[in-house]
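So the structure is just underneath, and the comments pick up after that.
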Amino acid sequence: MKKILILGANGKIARIVEKDLLNNPKYHLTLVLRNARRLFKFENAKNITLIDGDVDDRNLLNEVMSDQDIIYANLNGNMERHAKNIVELMQKNNVKDLIWITGSGLYHETPDPFGSWVENYVGHESKEDTRRAAKIIETSDLSYTIIRAAYMTNDDEVDYELTQKGEAFKGTMISRKSIADLVVKIINQPTDYYWKSLGISKPGTDDMLDEIRKIEHDF
C-alpha cells in the first residue's frame, strides 16, 4: 500500500484527488488541514486518516511524515517557508517524492498579455515568494514534480496539455479537475514525472484573457 500525505487537504484540487482515491486499497491517505471536521465525510473511509493541524507546525509535520511515500502539497500563504519546512523534514524522514502545486509565470515563461496580467494579479511579492519556494525544491535532493497551473476554474471537465520547464507556457485557463487528474497520474506512476516542472492549461485558451477578466469582475 502506497502512503500519501496531503498537506492543505481541504483545498479544492485536493478534495477532487481525495475523492478519486477514496477507498482505493492501493493507497492510504493522511489528510492534514485546519479543522479536520470540514472533511467529516471521510471519517469512516477505510483508507483515510484525518489530522487536525497547521502545516506551519514543524513538530506535527515531522510526526506525520514518518513512513510516507509521497507528499502532495496543496498550499497557500508563505510558500517559501512552507517549502523550506517540507523539504527539510522530508529529508529528515527519508521521504523523496513531492508534488507541489503553484501557478504559471514561475520562470517568466508566460507570454503576454496573460503573463503581465498574472504578474500584476498575483502581486510582485507573492510571485517572488513562489519563485523562492520553487528554487528550494528544485535545488534539493527530492524527486519532485512541480505543477504550474494557468488560471483555475471549477469547470467539470478534464482537458489539458502540458509544457516543460524551458518552454513557453501555453493557454490561460485550466479546470481544477484537470489538475487533479494530473496529480493522480503522478501518484500512480511518480517515476515518470521525477524532476519535472510542468505547465498545465486547457488547449485552445491562449486568447481568453478577456474572459478571465470578466470572471474576476463578476466574482
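The values are calculated or read from the model by the stated rules, or taken from the named source; none is laboratory data. The structure presented is a predicted model; accordingly, all values stated were derived computationally and were not measured. Here the Cβ positions follow ideal geometry from the backbone for every residue, glycine too, while neighbour counts run over all protein chains shown. What goes into the accessible areas is simple: the full protein's heavy atoms, side chains included, and nothing from ligands, DNA or RNA. Shrake-Rupley method; radii C 1.70, N 1.55, O 1.52, S 1.80 Å.
Restricting the first member to the stretch 206-217 and to residues that are within 10 Å of TYR151 (Cβ to Cβ), and the second to residues that are aliphatic (A, V, I, L, M) and surrounded by 11 or more Cβ atoms within 10 Å (Cβ to Cβ), the beta-carbon pairs closer than 8 Å and six or more apart or on different chains are MET208/MET173; GLU211/MET173; ILE212/MET173.
With the condition kept exactly as written, say whether any residue in the stretch 133-146 is in a loop (DSSP other than H, G, I, E, B), open to solvent by less than 50 Å² (accessible area, probe 1.4 Å) and within 30 Å of ASN93 (Cα to Cα).
Of the stretch 133-146, the ones in a loop (DSSP other than H, G, I, E, B) are 139-142.
Still in the list and also open to solvent by less than 50 Å² (accessible area, probe 1.4 Å): 140, 142.
Checking which are within 30 Å of ASN93 (Cα to Cα) leaves us with 140, 142.
Yes, that holds for at least one residue.
Of the residues making up the stretch 30-46, not a single one is in contact with a helix residue (DSSP H, G or I) (Cβ under 9 Å, 6 or more places away or on another chain), under 16 Å from THR145 (Cα atoms) and aliphatic (A, V, I, L, M).
Within the stretch 162-170, does at least one residue satisfy the condition of being part of a loop (DSSP other than H, G, I, E, B), surrounded by 18 or more Cβ atoms within 10 Å (Cβ to Cβ) and in contact (Cβ under 8 Å) with a residue 24 or more places away in the chain?
Looking for residues that are part of a loop (DSSP other than H, G, I, E, B), surrounded by 18 or more Cβ atoms within 10 Å (Cβ to Cβ) and in contact (Cβ under 8 Å) with a residue 24 or more places away in the chain, one finds at least one in the stretch 162-170, hence yes.
Within the stretch 171-192, the only residue that satisfies the criterion of being touching a helix residue (DSSP H, G or I) at 6+ places or on another chain (Cβ under 6 Å), touching a residue at least 60 places away in the same chain (Cβ under 8 Å) and more than 15 Å from ARG15 (Cβ to Cβ) is ILE186.
Collect the residues in the stretch 182-206 that are open to solvent by 10 Å² or more (accessible area, probe 1.4 Å) and farther than 16 Å from TYR27 by Cβ, keeping them in residue-number order. Outline the logic, then answer.
Going residue by residue through the stretch 182-206, those that are open to solvent by 10 Å² or more (accessible area, probe 1.4 Å) are 184-185, 188-196, 202-204, 206.
Correct list: THR191, ASP192, TYR193, TYR194, TRP195, LYS196, LYS202, PRO203, GLY204, ASP206.
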